[in-house]
Amino acid sequence: MVLEQTITTQKLIHIDEEQLIFHLQNSQISYVLGVETGGVLAHLYFGPRIQRYHGERHYPRIDRGFSGNLPGSLDRTYSKDDVPQEYSGNNTGDYRLPAAIIRAANGARTTDFRYKDYRVHTAKPELKGLPQTYVESDDEADTLTIIMVDETLNLQLELAYTIYRERSVVTRSAKLINLSEETVNIEKIASMQLDLPTRPLEVISLPGSYARERQISRHEVRRGVTQFESRRGGSSHHMNPFIALVEPQTTEFNGEALGILLIYSGNHQLSVERDSIGQTRVTAGINEYNFDWQLEPQQVFQTPETAMVYSTTGLNGMSQSYHSLLRDRVARGKHRNAERPILINNWEATYFDFDEDKLQEILDAAAPLGVEMFVLDDGWFGHRNDDNSSLGDWFVNKNKLPEGLTKIAQQTRAKEMKFGLWFEPENISEDSELFKAHPEWVLGVPQRGRTLSRNQYVLDFSQPDVVENLFQQMTAILDKVPVDYIKWDMNRNLTEVYSPLTKPEHQGEISHRYILGVYELMERLRTRYPQILFEGCSGGGGRFDAGLLYYMPQSWTSDNNDPIERLKIQYGTSLVYPISAVAAHVGTSPDELLGRSTSMDMRSAVAMSGVLGYELDASKLSLADRKAVKTQIQFYKQHRRLIQYGTFYRLESPFTSNTVAWLFVSPDKSEALLYRFIVQGVVQPEPHITTLAGLDPQCNYVDVDSQLVYGGDELMNVGLYTTPVQTNDFTAQINYFTAQ
Ligand code: GLA
């Protein structure tokens, strides 16, 4: 209690006015920046909390050949080319990656921001129209805004830093204000830059592909530039907008980890550069690819936000900070901390081939199993019988559902289940009423063919009329039909990014304006229908990012339901994203995509490690499988809060080991749920021990199935042997412990 009081009265931002040093500090971390010679804003420190920074870490002055000096200065030992900075300009002597590139009216791409002033706010100012972290009380965080100017261009750059009182998190964003009388073009504007001192570092990222999302990659930060980016118009299956910088010795439980997460769903670029003297520069923000934003006099450009997490307890520590930040201070609405319903989806059961009777059959079979929600997936609208038509025509397909959506919603309700519906609002089929009426609403360059992907095009969401039309079409349904859940899909990437209704000089703005339009529609719908639970989706997990979580608290993780593949996908996803966001469904065996056969136990154990659902035809389940599903659902309901909102620990990685383990621990440590998996059976297996984490070492825990009792310290140090012996492929073992 006393401790809490001290913490709540503690100042979060300390300013040394004399030396112009800014120290953001809470009980866990410190972030320090200061003004160097010539008004250059220097990065000084980001790491474990220090009580006080005395201003003694002066940047070593060395005359480095071919690193130029400040205009008008005769000091050859001081160069912007090597000072660690908070936000670099372009073409003025810092040859490392610039944070911003601005083209002046005279064509010069030369930018040089220097310190001017600062402001401090309690809490956190809102970023209009963008996803973001937020606070619930003024006391929760403070924000420092550093004001920089480029005097020649008369541009003001405001760098915002928010430090939370009780989180190892600093968020950052940048805002550019054109105070001049001339229009400038922004060719690049990062949300943040971080220059880290010389030391060995490794970088972790989450690359992937369709159906193989967020595979963990880790390698040394070497001389030169490495980019982690998407140019696809969405955050993509291919590279998640996240990186972590770690020490070579960092593990899941030990060592430093510094995470950088962009809260944005469009084209992104996270760059890591190791310079000639071993320092590392990181920039993160909107991708400069195809980006050229015209900023007229008095206009303001606000970048998306980044959330930086610092952990000294390895990757699990970093992930747990992200989980709680994204779960509690990015996700919003009544579903934010609510237990998520167990759903069944008709997609892999029927694809496009369904009618009222078939859906009724699924409902009849699913309800007695304990399933809580039925989701009607693709194919219910226009005249859509395959994926070649009708996107854009969001009215019911009377051939399949002659009595409309209300009937199927009522049939679902009659079974005491909630009703969910699939939409793909951003896309359009050439074979649609909307395309006939508004061909000019489609992204594409006049006189040039448009690239098809899944035989569909992308609507020009940079246009307010398009956003309005989709809003009208969707509300016409949602005002009438009792819908509890929406799966919002997006089944292609952007190409020919050109808006026929936009002037040539604004075409470089379309990718970003597109995603702002998407956010606007999402915001309008979630505000109008607060009861609806939204789930993001993009051909599986192609837009599983922190930006979308601001509008939709969960996301379809992957179209790949094979549990072995899912071990990696879910393990990688958990590096950043909370379990309450990770939709995971039991599919069929053999698997629909891969064709691999796995047991019901294995499939359900992996799916139960996320937000559980079913991607199969319940009416076709064997008697044994029906029994198994019923038991799984009972088990999941009993442990759902622990799984979705407990503390998640990764114990053994599918990327490096044949045995995989993870653990859910309740916040008060009174319960723990351990999942262990063996990928391949092995002849003469080596005995394998799994040690647990996060328990109370003083407490005894009972394994509820075996009734064996273990000390928390025993489970965390002595551990448990993997049994049964590892001779079968694809097996799962679950242990549930309660504190005595
Ligand atoms: C995407 C989704 C699937 C399903 C189909 C429907 O691929 O990821 O779950 O909704 O679209 O077309």
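No value in this document is a laboratory result; all are computed from the given coordinates. What you see is a predicted model, and the numbers here were worked out from it, not measured in a lab. In this analysis, Cβ positions are derived from the backbone assuming ideal geometry, glycine residues included, and neighbour counts consider all displayed protein chains.
Around Leu201, which amide H atoms from residues at least 5 apart in sequence, or from another chain, sit under 5 Å from its own amide H, with H modelled in the peptide plane?
Val221
Between their Cα atoms, which of Lys487/Lys627; Lys128/Lys637; Lys487/Lys630; Lys418/Lys627 are more than 30 Å away from each other?
Over 30 Å Cα-Cα: Lys128/Lys637.
Using a Förster distance of 25 angstrom, determine the FRET efficiency expected from the C-beta separation of Thr451 and Phe655, and round it to 0.05.
Between Thr451 and Phe655 the formula returns 0.15.
With a ≥ b ≥ c taken as the square roots of the eigenvalues of the C-alpha gyration tensor of region 652-739, please select rounded if a/c is under 1.5 and otherwise prolate if a/b is larger than b/c or oblate if it is not?
The shape class here is prolate.
Pop a pseudo-label 7 angstrom from the Cα along the beta-carbon direction at both Arg596 and Asn700 and give the gap in nm to one decimal.
In this crude label model, Arg596 to Asn700 measures out at 4.1 nm.
Determine the relative contact order of region 76-234: mean sequence separation of Cα pairs under 8 Å and six or more apart, normalised by residue count, in whole percent.
19 percent
When Lys and Arg each count +1 and Asp and Glu each count -1, what net charge do the other residues less than 10 Å away from Phe461, Cβ to Cβ, add up to?
-2
HN-Hα J couplings of region 665-681 from phi, Karplus 6.51/-1.76/1.60, θ = phi - 60°, integer Hz, Gly and Pro as x?
10, 6, x, 8, 6, 8, 9, 8, 10, 9, 10, 10, 10, 10, 6, 10, x
With a 10 Å radius around each residue's Cβ, average the other Cβ atoms per peptide and rank 151-160, 266-275, 402-411, 13-22, highest first.
266-275, 151-160, 402-411, 13-22
Quote to one decimal, in nm, the extra length available between Val709 and His121 on full extension: 0.36 nm per residue of separation minus the C-alpha distance between them.
The span from Val709 to His121 would gain 206.5 nm if fully extended.
Let me make sure I get this right: for region 7-329, a, b and c are the square roots of the gyration tensor eigenvalues over alpha carbons, sorted descending. Under 1.5 in a/c it's rounded, otherwise prolate if a/b > b/c, else oblate. Which is it?
rounded
Taking H as built 1.01 Å from N, whose amide H comes closer than 5 Å to the amide H of Val40, not counting residues under 5 places away?
Placed amide hydrogens put Tyr115 under 5 Å from Val40.
Can you work out ³J(HN,Hα) from phi for every residue in region 84-96, in order, using Karplus 6.51 cos²θ - 1.76 cosθ + 1.60 and θ = phi - 60°, giving whole Hz and x for Gly and Pro?
x, 10, 8, 6, 9, x, 9, 6, 9, x, 9, 8, 6
R0 = 41 Å: FRET efficiency of Glu181 with Asn385, Cβ-based, nearest 0.05?
Rounded to the nearest 0.05, the efficiency is 0.10.
Expressed in nm to one decimal, what extension gain is obtained for the pair Asn254 and Arg222 from 0.36 nm per residue of sequence separation less their Cα-Cα distance?
That pair, Asn254 and Arg222, stretches by 9.2 nm at full extension.
Report the label-to-label distance for Arg528 and Glu56 in nanometres (one decimal), using points 7 Å from each Cα along the Cα→Cβ vector.
With each label point 7 Å from Cα toward Cβ, the separation is 6.3 nm.
Give me the number: length gained by fully extending Ala437 to Lys415, i.e. 0.36 nm times residue separation minus the C-alpha to C-alpha distance, one decimal in nm.
Fully extending the segment from Ala437 to Lys415 adds 3.9 nm.
Once you sort the root eigenvalues of the Cα gyration tensor of the chain as a ≥ b ≥ c, which label holds: rounded (a/c under 1.5), prolate (a/b larger than b/c) or oblate (the other case)?
oblate
Would you please give the residues with an amide H less than 5 Å from that of Glu430, counting only those at least 5 places away or on a separate chain, with H modeled from the backbone geometry?
Here the answer is Tyr457, since their amide H atoms fall under 5 Å of that of Glu430.
Grab the other residues whose beta carbon is less than 11 angstrom from that of Gln25, score K and R as +1, D and E as -1, and report the net.
Residues close to Gln25 contribute a combined charge of +3.
Using the Cβ atoms and a cut-off under 12 Å, what net charge is assigned to the surroundings of Glu247, where Lys and Arg are +1 and Asp and Glu are -1?
Net local charge, Glu247 excluded: -1.
Explain nothing, just compute: Karplus ³J(HN,Hα) = 6.51 cos²θ - 1.76 cosθ + 1.60, θ = phi - 60°, for every residue of region 514-527 in order, whole Hz, x for Gly and Pro.
4, 5, 5, x, 4, 4, 5, 5, 4, 5, 5, 6, 5, 6
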